[in-house]
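Here is the structure we will look at, set down as structure tokens.
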């Protein structure tokens, strides 16, 4: 069973017992409200509870007005639905339509709009959603180890991709199906979704580290995909390609490093300077291949600029930015 199922069961039992102990009518409804109030994150649960309570109170007030004017007829209940549902959707409280309807049906069943009945419904809402919110806040599973595992998986996939790029630069007959690109995209998406869930489990502070990490990785993956397009234009083996391949060999190791060293960036700058003093291309084919290699270096520089801004430069600084990598 998932933790949400367990929390729902606990919240339902507690809500029913509390409502019964308070002497509320229809106390079993508190359990139903608790079931609706349990969410996957603390923040979402709190927001959902506030929205549902607000919607239900608004629905009760509207129902009191309609029943007072037209009486307790089935068509009056239909009139309530025709007015309340679009109204709640308009004020962005549509998540509370069901709970509001349950409270109104209690009024309809009692055939009364006395203050005591309305207060009873409001108390049921407070107990049901209050207990669900407390259960949500008391315990939420931590995902640090899972996120750390996804981080290592992303960096390992990036490392393999860079190795494949280096291999193609050395041997244009190499065939690569690109499965690591697809896998990296899926892992980054999974990590971003989980990081969002972790952020929503904090009520009074922002957990941005993991969300920021996967945002950076998504940008870098887009850069890598552009590199792949440029690699496809390298159809001839040249000494320049071997030099660039050595650069990708280095970055395939640095992407898994614990902290930023800047070695790849320094080698990139040196390689650009060497290219400038080398003889110009002698043939059109050499010109096209060297042009693609130069564009590849530009894209690699952009990739490194993303990492340079986000990765700590020393082990001491890295303690404060533990999720960031090249």
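The values are calculated or read from the model by the stated rules, or taken from the named source; none is laboratory data. These figures come from a predicted structure and were not determined experimentally. Methodologically, a virtual Cβ is constructed for each residue, glycine included, from the backbone with ideal geometry; neighbour enumeration extends over all protein chains shown.
Side notes on the structure shown:
- Looking only at segment 79-96, and only at residues there that are assigned to a helix (DSSP H, G or I) and buried (at least 19 other Cβ atoms within 10 Å of the Cβ), the one that is farthest from the chain's Cα centre (by Cα): 80
- A single entry from 53, 66 fulfils the requirement of being free of Cβ contacts under 8 Å to residues at least 24 places away in the same chain and either buried (at least 18 other Cβ atoms within 10 Å of the Cβ) or assigned to a helix (DSSP H, G or I) (or both): 66.
- Residue in segment 178-191 that is touching a residue at least 40 places away in the same chain (Cβ under 8 Å), more than 30 Å from residue 266 (Cα to Cα) and not in a loop (DSSP other than H, G, I, E, B) present: yes
- Residues that are touching a helix residue (DSSP H, G or I) at 6+ places or on another chain (Cβ under 9 Å) and surrounded by fewer than 20 Cβ atoms within 10 Å (Cβ to Cβ) were ranked within segment 169-179; the one that is modelled with the highest pLDDT is 170.
- Residue in segment 103-116 that is under 21 Å from residue 40 (Cα atoms), crowded, with 17+ Cβ neighbours inside 10 Å and assigned by TED's automatic domain parsing to the domain that holds residue 62 present: no
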